[in-house]
Structure formats: C-alpha cells, structure tokens
Amino acid sequence: MIGILYFIVIVLANTVGAVSGMGGGVIIKPIFDFIGAHDVAAISFYSATAVFTMSVISTTRQLTSGRKFNWEIVSWVSVGAVLGGSFGNLAFEAFFSWFGNKDIVQLIQIALTMGTLIFAFMYTKYNWKNFQFTHVIWYFSCGLILGFLASLLGIGGGPINVSLLMLLFSISIKDATVYSICTILFSQFAKLLTIALTTGFSRYDLTILWFVIPAAIIGGLLGAKLSNVLSPEKVTIVFQSVLLLVLFINLYNAYQIL
C-alpha cells in the first residue's frame, strides 16, 4: 500500500518538477514526511533516488529533442553541484549524529526549505534585477551552493535552483529549468555515491525502489514532454503554484512536529 502511494506521489511530483525545474523532491520530501511511513534518512534517500532517475530521463529527452545548451554553464555548474552534493550529504549525516533526534533534523530541513521557497517566490513574483555573471568561478560557485542545499535538504533541486540561475546569469525561466535539471542530476548522483561509500544502503528498505524508480521514469518523461510545449508564462505559473503548495505542506509538517 505504501509503495503504491509513493508511486502516485512521485509520478505527479516528478512531472511537475521536470516542468518547473524543481526536480520533484521539493514536493516528494514533505509529502513523504506527512505520510510518515519511514524515517527522515530513508525519505531523503528515496527522494534523491526518484529525483536522480527523473533528471536522467528529462535531460536525455531534452538533448534528443534538439534543445540548445550553454555547455560552459552546464559543465561548471554541474561540477560544483557534484562537490556540493557530497558536502551536503556529509552535513546531513553530521546533523543526524550531533542531534540524534530525527524531529530536530527534520525541522532544520523544513526551516531551510521554507527559506528557499520564500526567496524563489519573491524573486519570480517581483522580477528582481538580474546579474549577468559569465566567469566560470560564478558558475562553479552557483553549482556548489545548489548541490549542497539539494543534498542537505533531501529535495533534489528545490525552488532555489531556477531562481538563482535566473538571478546570477540573466537567463529565461525555461532555460533555467533545463540547467536546473542538469544540476540536479549531478548533485543527486554525488549524494547517492556518498551514501554508497559511507553508510551504505543496507539500512534502507530497498524493495520500495521497485515503486520509486518506475514512477520517477514516468514522471520524467511526462515532465520533459510538457516542458517543451508550455510557454514561459505558463511555466512561471506552475513554478509559483508549486511554491505556495509546498510552503503550506512544510508549515503543516512543522506544526505537527512542534
């Protein structure tokens, strides 16, 4: 029953996540927290697996559809995301070790996630001034920050990806969503690799992956298809709607813990 519920959530979340560039984890993580069938570490792992799978499918579809990429941005942001993703997972494990209380770790994740949600909504709503940084140091630093937050929060990419890419490099929301998904691919690969080399996967119920991975593939395919047909204005509406929905889910989850 839990596997079927996870399957439905992931298909819907990854479809919206691929369109909006958020990656789906920003929806999956709080809904799985709300369901409460697994602990915070397992939920972060399932979310990372789902989002990584979706990002592989979505990126492949975008490439085969003929979409043009600025490979300098993609490559350097992705390199930063790999390193940041590794640091983020180490920070997550450190929080778990320091506090020894899953509720405190979950509250930290919720607080940081809500901060990124508010930032992203304000940025897209009020059209803040964009910068036009072009040096590889900026691309790498952006990826480092995004990879760290994505891995630490267990949300894959999250709302800050698209907003920060638009803010720093003055690119359109549709281009930012594509670069965001590429960044998510590498940051979540780094997270899963770090888990494999440190704690391993034995503490997780791996049978759940029989539901997680197929759902992620379906969501990635649907999201990539929709991304190619929706206008930038509609992508912005999807983006802002998801921000508000996830903000309320996180507020409710925090209330339940407190």
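The values are calculated or read from the model by the stated rules, or taken from the named source; none is laboratory data. No experiment lies behind these values; they were computed from the predicted model shown. Glycine gets a Cβ as well: all are built from the backbone with ideal geometry, and neighbour counts include every protein chain shown. We work out accessible area using only protein heavy atoms, side chains counted, and drop any ligands, DNA or RNA first. Shrake-Rupley method; radii C 1.70, N 1.55, O 1.52, S 1.80 Å.
Heavy atoms only, 1.4 Å probe, whole protein assembly: order Ile35, Ile28 by accessible area, highest first.
The most accessible residue leads, giving Ile35, Ile28.
With axes computed from alpha carbons, what is the tilt in degrees of helix 232-257 against the longest principal axis of the chain, rounded to the nearest 10 within 0 to 90?
The helix 232-257 is inclined about 20 degrees to the chain.
Whole angstrom only: what separates the Cα centroid of the stretch 19-73 from the Cα centroid of the stretch 75-119?
Comparing the Cα centres of the stretch 19-73 and the stretch 75-119, I get a distance of 15 Å.
Taking Cα pairs under 8 Å and at least six residues apart, what relative contact order does the stretch 57-198 come out at, in percent?
Reported relative contact order: 41 percent.
Taking Cα atoms, how many degrees apart are the long axis of helix 71-99 and the longest axis of the chain, rounded to 10 and kept between 0 and 90?
So the inclination is approximately 20 degrees.
For every helix of n ≥ 4 consecutive DSSP H residues, a contribution of -39,500 (n - 2.57) applies; sum these over the chain, divide by its total residues, and give [θ] at 222 nm rounded to the nearest 500 deg cm²/dmol.
Computed mean residue ellipticity for the chain: -28000 deg cm²/dmol.
Over the chain, what relative contact order in percent results from Cα pairs under 8 Å that are six or more residues apart?
So the answer I get is 39 percent.
Note the full-extension length gain between Leu206 and Ala37 as 0.36 nm times their separation in residues minus their Cα-Cα distance, in nm to one decimal.
Contour length minus Cα-Cα distance gives 59.4 nm.
Accessible area per residue, 1.4 Å probe, Å², for the stretch 119-258: what's the number?
About 47 Å² of surface per residue is accessible.
Where a ≥ b ≥ c are the square roots of the eigenvalues of the C-alpha gyration tensor, would you call the stretch 171-217 rounded, which needs a/c under 1.5, or, failing that, prolate if a/b is larger than b/c, or oblate?
oblate
As I understand it, the value is the acute angle between the Cα axis of helix 2-20 and the longest principal axis of the Cα atoms of the chain; what does it come to in degrees, rounded to 10?
Helix 2-20 and the main axis of the chain meet at about 20 degrees.
Quick check on packing: order 144-152, 98-106, 55-63, 198-206 by the mean number of other C-beta atoms within 10 Å, highest mean leading.
144-152, 55-63, 98-106, 198-206
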